[in-house]
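Peer 1: The structure is given below, and queries will be raised subsequently.
A short reminder: the numbers here are calculations on the coordinates, not readings from a lab. Computed from a predicted structure; not experimentally measured. So basically every Cβ, Gly included, is an ideal-geometry build from the backbone, and we count neighbours across all protein chains shown.
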Amino acid sequence: MSEFPFADPFFGLSWLDAIIRIVIVVLVMTLVVVYLTYGERKVVARFQMRLGPTRTGPIGLLQGFADAIKLLIKEDVRPRNADRWVFEFAPYLTFIPVFLVLVALPFAQDWGVRNLALGMFFVFAVLGLNIVGVLMAGLGSGNKYALLGGVRAAAQMISYEIPLVVALLAVAMVAGTLDLNAIVGMQDSRPFILIQPLAFVIFFTAMLSELHRAPFDIPVAESEIVGGYFVEYSGIRWSMFQLAEYASLWAFSIFGSAIFLGGWAFPFGEDWGWGWQLVLTLIKSLIMIMLIFWVRATLPRLRMDQLMSFCWKALIEVSFALLLVNGLFLYYDWPEPILAAVNWVGAILFLGGIYLRAARKPSTKNLVGSYKHAEVPNP
Amino acid sequence: MSIWPEERVAAADSDLDTVDMTVNVGPQHPATHGVFRMVLTVDGELVVGCEPYIGYLHRGLEKLSENADYRQAMGWWDRTDYLAGMCCEGAYTMAVERLAGIEVPERADYIRVIMMELSRINSHFMFLGAFGADVGSFGTSFVYAWRERERIYDLFEEVAGDRMFPTYFRIGGVTMDLPDNFESRCRWVLGSIKQGLEDMDGLLTGNEVFVERCRGLTPVTPEQAIAWGFTGPMLRATGVPWDIRKAEPYSVYPQIDFEIPVGVQGDVFDRFHVRLAECYQSVRIIEQCLEQMPEGRVLAPKLPKTLRINDGELYMPTEGTKGEYGVYLMAQGGTNPYRAKLRSPSFCNLSALTELVVGSYVADAIIILGSLDIVLGEVDK
C-alpha cells in the first residue's frame, strides 16, 4: 500500500519509528487538550447564554495557553499531612494510562502509533489502570473530600467498566476481531452503530461515567466535595489531572467513533487518502465530544446509590442480554439485518423506558391544592 | 499523619469496626450559600451526625437598630435578607408606621407591593439557580436565573438608584415616584421573568435526574413543620396553606387576587416546586398592581423631621421570601426603639437541619441544605 505514506516505518527503523509516532501523537494530543478545554468553555458558555473566553487572542483562541502558563508558574503545594510519594506520583499514574491508550488508536488506516492485534483488549486493560492514580490521589492527599472522591471514583469506575467492556465485546463478536484497525475497516459501508445501537447507548453511558462527566461526575462533584480527589493539588500537578481528563475524553471519543461510527472508513472506505481519513476520525470524535458537552451543560448529578443501582440493576443486565442475543445470532448464522432490527428494538425499549420514567413530570401550572385563602394551621 | 485521630483509629482496630469521619463543610464551600458551616459526621457516604455553626455574618442588627434613629436603621434591615432587600425594608417601615400611626398614600403602597414582589421573584430565582447548581447542573440553571435577576436589578436601579440594597422605602411612603416609562419596562421584565420560569421549569422540573434526586427526599409532615417553626415555602411545601399575605394581610394585598401554592408531602422537590409556583403568583400580583395603581403622592404629607414614638410595642409579621419575616419593635419614647427584634425565617427553618440531614447521604445533605433556602444575613442578623 504505497499510496499511504505512513504504512512503512519511518526511516526503516522500527524503534525510531515508534518514537517519532509517539512524539507526534503526544504533541497533537497536548494541542487537542488545550483546545478541548477552550472548546468546552465556549460550548458550555453558549449553552448558558454567555460568550466564554474572548480576551486572549482572537475570540479567545489563546486562552488554553494562557491557562497552561499560569498553571506552570503556580506554586506546587503539598499539604502537611499528605503522604508524600503517593501524593506526588498520583497525577502521573492517572496520566500515563491515557497516553498508553493513544498508542493503540487507529487515527487513519495505517496511521497510528502501533496497530495491535488485540487493540480493544489493550485499551480496556490500560484504561483500568487509571483507577490506581485516582485512588492514590484520594488516599494520599490527607483530605477528607479527596478521600470521599477517591473512593467514589474507584467504586464507580470499577462498576461501570463491566457494562462498558461487555457492550464492546458484543460489538467485537459481530466484528469477529479485537483488532481496532480491522474493526474500522469492516465499517466502510455501514457503521456498527446501525447494527449495534444498544451497545452504543450502553457504551456512551458507561463512557460518561468512566470520564467522570455529568451526570456521573460524582467523584469530582463541585458542589459537594469540591473537586474530589484532586482538591489538594495545585499548579502543574493539578494540570496533569486536567490533561488526563481531557486526553481520556478525546481518547474515548476516538475509540468510540472507531468502533461505532466507522472511524476513518465510513463513508469513503479506503479509496480516499489518509488526510480525509484523519479528518473523518476528527469529525466523528468531535461529534462524540459535543454530545458529552451537551449532556454536561444540561443534566444535574446523580447520587452515588442511584448511580450504582443504575449500573448493577439496568446497564449490566441489558449488556449481558445483548451479549447473549448477539451470540445466538452468530451461532445460528442468522442474517445481519434481523440482528440489527432486534438491537434497534432493544435500544428503543431501553431509551423509551428512561423517557417514560422522565415523563412522570409533575406540572407547576396546576399545583395540587392551590388555595385562595390562608388557613390557620391547627395540628 | 492521618486524617483520623489516632486514638479513634486504635479503638476501631480493636473492635474490627470502621471509623466515622467528620467532614467540615463550610464556611468556605460552594454549597453553603454564604458563610454557613456544618460539621457532618459520615459513615462512608451516610451522614450520621450534623452540627451546624452559625454566626459568621453576625452584625448586631438589633442592637444597632436600638441605637439609631428610626430612619437611620433602614439601611441595616435591607442587609438582612440581602437577596430581597425590598421585602426587609418593607417589613421594617411598615412596623414603624404601624407603631407611629402614620398613614401611607395608596400609590406608595402599590409601589411597595410591586417592589416587594419583584424582590420575592429575585430571591426565588436565586434559590432556583443555586439549587440547580447544588443538584449538579454545572451552572446552567444558575446562569438562567441570573439573566432574570439582572433584569430585575436593572429595574431596581432605574427606580431606586441602587440594585441590591435600594433603601427605597421611607417611613411614610417611598423616596421618589416611579420613572415615567416604569410600566412598560416592568411589563417587559415580567414577560422575561415568565420566560425564565418556563426555561427553569423545562431545565429542572422536566429533568429525570433532578426529579429522581429530589422526590421523596426528607418528607416533612405538617405537624412536624409547625413544631419546628417552619414558615413560608417550607411550610407550604408540606401542604399547609399559610401565607401571611392572606392570613394577616398588610399593605394592599387584600385588594389583590392571588393564590397560595402548596406542596403535597413537604419533600425537597415540593419545596422547589412551591417556590417556582410562587413566582408565577408574584407575577400575577405585580400585573394587578400595575393596573390598579392610582396616581397621587408617594410620601405622606407632614411627616415629622425627627420621628419620636411614645410608649408602645408591636410585632409586625410579613411574608418574607423565606417565611414569616417578623419585626418586633418596642418604643419607650425618644427617637430610637427601646428594643428591636427580628424573627428571621431562615434561622427558624435552619433549626431543623440536623433532623433533616441525619440519615441521608452526603450528596443529599447538600441539597437538603440548599432546599432550606437560607440566607446568612438573615440567620446571623
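Peer 1: Please report the net charge: other residues with Cβ closer than 13 Å to the Cβ of A:Phe260, K and R +1, D and E -1.
Peer 2: +2
Peer 1: FRET efficiency for A:Val325 and A:Tyr355, Cβ-Cβ distance as r, R0 = 25 Å, nearest 0.05?
Peer 2: 0.65
Peer 1: Excluding same-chain residues fewer than 8 positions from B:Lys381, which lysines have a Cα within less than 24 Å of its Cα?
Peer 2: Of all the lysines, those that pass the test against B:Lys381 - Cα under 24 Å, at least 8 places apart if same chain - are B:Lys63, B:Lys322, B:Lys341.
Peer 1: Using the Kirkwood formula on the Cα atoms of segment A:164-294, what hydrodynamic radius do you get, in angstrom to one decimal?
Peer 2: 15.8 Å
Peer 1: With just the Cα atoms of chain A, tell me how far they stretch along each of the three principal axes, in Å, largest first.
Peer 2: Result for chain A: principal-axis Cα extents of 88, 59, 42 Å.
Peer 1: So what's Rg/Rh here for segment B:61-380, counting alpha carbon atoms and using the Kirkwood radius for Rh?
Peer 2: Here the Rg-to-Rh quotient is 0.97.
Peer 1: Another one. If the only charges are +1 at each Lys and Arg Cβ and -1 at each Asp and Glu Cβ, what is the size of the charge dipole of the protein assembly as shown around the Cα centre, to the nearest 20 debye?
Peer 2: That gives the protein assembly as shown a dipole magnitude of about 1200 debye.
Peer 1: Here is a follow-up. Mean 1/r over all different Cα pairs, inverted: what Kirkwood radius does segment B:337-381 give, in Å?
Peer 2: 11.6 Å
Peer 1: Which three numbers, in whole Å and largest first, are the semi-axes of the equivalent ellipsoid of segment B:89-211 derived from its Cα gyration tensor as √(5λ)?
Peer 2: Calculated on Cα positions only, the semi-axes equal 32, 16, 11 Å.
Peer 1: With unit charges on the beta carbons (Lys and Arg positive, Asp and Glu negative) and the dipole taken about the Cα centre of segment B:61-380, which residue among B:Ser251, B:Met176, B:Phe210 sits farthest to the positive side?
Peer 2: B:Met176
Peer 1: List B:Cys88, B:Cys348 from most exposed to least, where exposure is judged by having the fewest other Cβ atoms within 10 Å.
Peer 2: Starting with the residue having the fewest Cβ neighbours, the order is B:Cys348, B:Cys88.
Peer 1: Using the Cβ atoms and a cut-off under 12 Å, what net charge is assigned to the surroundings of B:Tyr53, where Lys and Arg are +1 and Asp and Glu are -1?
Peer 2: Local net charge: -1.
Peer 1: Next question, about the same structure. Return the single residue from B:Thr18, B:Thr354, B:Thr80 with maximal mean-square fluctuation; model: Gaussian network over chain B, springs between Cα atoms under 10 Å.
Peer 2: Its mean-square fluctuation being the largest, the pick is B:Thr18.
Peer 1: With r as the distance between the Cβ atoms of A:Trp272 and A:Lys74 and R0 = 35 Å, compute the FRET efficiency 1/(1 + (r/R0)^6) and round to 0.05.
Peer 2: For A:Lys74 and A:Trp272, the calculated efficiency is 0.20.
Peer 1: Here's a follow-up. For the protein assembly as shown, would you read off the P(r) tail past 49 Å as a percentage of all alpha carbon pairs?
Peer 2: Considering the protein assembly as shown, 28 percent of its Cα-Cα pairs are separated by more than 49 Å.
Peer 1: Using a Gaussian network model on chain A with a 10 Å cutoff between Cα atoms, which of A:Tyr38, A:Tyr160, A:Tyr331 fluctuates the most?
Peer 2: Per the Cα network of chain A with a 10 Å cutoff, A:Tyr331 tops the list.
Peer 1: What number, in percent, do you get for the relative contact order of chain B if the mean sequence gap of Cα pairs under 8 Å and at least 6 apart is divided by its residue count?
Peer 2: This gives 25 percent for chain B.
Peer 1: Binning at 10 angstrom from zero up to the longest distance, how are the C-alpha pair distances of segment A:140-207 distributed in percent?
Peer 2: The calculated distribution, bin by bin, is 19, 37, 21, 15, 8, 0.
Peer 1: Show which aspartates and glutamates lie in cross-link reach of B:Lys302 when reach means a straight Cα distance below 20 angstrom and same-chain residues fewer than eight apart are skipped.
Peer 2: B:Asp69, B:Glu97, B:Glu103, B:Glu106, B:Asp109, B:Asp177
Peer 1: On to the next question. Restricting things to Cα coordinates, could you compute the convex hull volume per residue of segment A:55-197 in Å³?
Peer 2: 177 Å³
Peer 1: What does segment B:117-186 give for Rg and for Dmax, in Å, if only its C-alpha atoms count?
Peer 2: According to the Cα coordinates of segment B:117-186, Rg and Dmax are 14.3, 45 Å.
Peer 1: Now a separate question. Of B:Pro233, B:Pro179, B:Pro317, which is the most mobile in a GNM of chain B whose springs link Cα atoms less than 10 angstrom apart?
Peer 2: B:Pro179
Peer 1: Taking the Cα centre of the protein assembly as shown as the origin and placing charges on Cβ (Lys, Arg +1; Asp, Glu -1), which of B:His273, B:Phe156, B:Pro294 is farthest toward the positive end of the dipole?
Peer 2: B:Pro294
Peer 1: Right, next: Place a +1 charge on the Cβ of each Lys and Arg in chain A and a -1 charge on the Cβ of each Asp and Glu, then give the dipole magnitude about the Cα centre in debye, rounded to the nearest 20.
Peer 2: 1660 debye
Peer 1: Quick one: if you stick a label point 7 Å off each Cα along the C-beta vector at B:Arg59 and A:Ile287, how many nm between them?
Peer 2: Calculated label separation equals 5.6 nm.
Peer 1: Using the alpha-carbon centroid of each, what span in Å lies between segment A:233-300 and segment B:61-112?
Peer 2: 58 Å
Peer 1: What does the charge dipole of chain B about its Cα centre add up to, to the nearest 20 debye, if the Cβ of each Lys and Arg holds +1 and the Cβ of each Asp and Glu holds -1?
Peer 2: With only Lys, Arg, Asp and Glu charged at Cβ, the dipole is about 1400 debye.
Peer 1: Just to confirm a number: summing +1 for Lys and Arg and -1 for Asp and Glu over residues other than B:Gly333 whose beta-carbon lies under 10 angstrom from that of B:Gly333, what do you get?
Peer 2: Around B:Gly333, the charge tally is 0.
Peer 1: Using the charge dipole of chain A (Lys, Arg: +1 at Cβ; Asp, Glu: -1 at Cβ; taken about the Cα centre), state which of A:Ile193, A:Ser239, A:Ser319 has its Cα farthest towards the positive end.
Peer 2: A:Ser239
Peer 1: At 0.36 nm per residue, and after removing the present C-alpha to C-alpha distance, how many nm does the segment from A:Ile59 to A:Trp312 gain when stretched out fully?
Peer 2: Gain on extension, A:Ile59 to A:Trp312, equals 86.6 nm.
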